[in-house]
Amino acid sequence: MHVQEPSQGKLLQPVIGKLVVYPVFLFLHSLDWTVNKQPEIVLVAAMGKNRVIGRDGGMPWHLPADLKHFKAVTMDHPIVMGRRTFESIGKALPGRRNIVLSRSLAEAPPGCERIASLEEALEGPASGPLMVIGGGELYRAALPLAARLELTFIDAAPDGDTHFPRWAHADWRLDAMRRRPADAANPYALVFCSLSRVQAPDSAQPE
């Protein structure tokens, strides 16, 4: 009896089918994950050794080097700030999507969007990190949701009425650090740190 051998094309059909279906599945899965993923929250702040970040609605220092660093970190990303922080800045910052969180403003300031809660900023697909730039109340609300911290530590302990919230150091990994000495234009030494969240023990306590 003669048994007809299957052609090479028939043998390859199931394999080709799997090769086609599997990448399509991966693509659709990746697309669904991207569409439904919330933006990554990044807290950007400069603080003294006593965690002071502000005084009388402004910053208790003038440090051009930190302003330059802030611009580099936030440029081309959406920035979220409280009403008082916006008022201290005085205008929308160029090159960034400016979002002001306020329940009292009747309308958005020029060049800005207004939201009433942090949850509103997280609605919609992720298009990049969401940079939270202050003030103190907004930092406290956003810290539990943050994936990264971009912090400038200033070698000074000025008086102030606004502080960065305490955070559990064990929850965070130091990814990068850069020191900058004081000079004529910047009277205090600075340390720029990038931190990312890690899985921390339940017993970790703020330091």
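Each reported figure results from applying straightforward, stated rules to the coordinates on display, with no laboratory input. Just so it is clear, the structure is predicted and the values come from calculations on it, not from any experiment. Neighbour counts run over all protein chains shown; Cβ positions are idealised from the backbone, glycine included.
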Determine the sum of side-chain charges near P158: Lys and Arg each +1, Asp and Glu each -1, restricted to other residues whose C-beta is under 13 angstrom from that of P158.
-1
GluC sites (Glu not before Pro) restricted to segment 56-115 and DSSP loop, no more than 14 other C-beta within 10 Å:
E107
Mind sorting M75, M59 by how few other Cβ atoms lie within 10 Å of their own Cβ, fewest first?
M75, M59
Debye, to nearest 20: dipole size of segment 56-201, +1 on Lys, Arg Cβ, -1 on Asp, Glu Cβ
300 debye
In nm, the gap between the two label points placed 7 Å beyond Cα toward Cβ at V198 and S117 is 3.4 nm
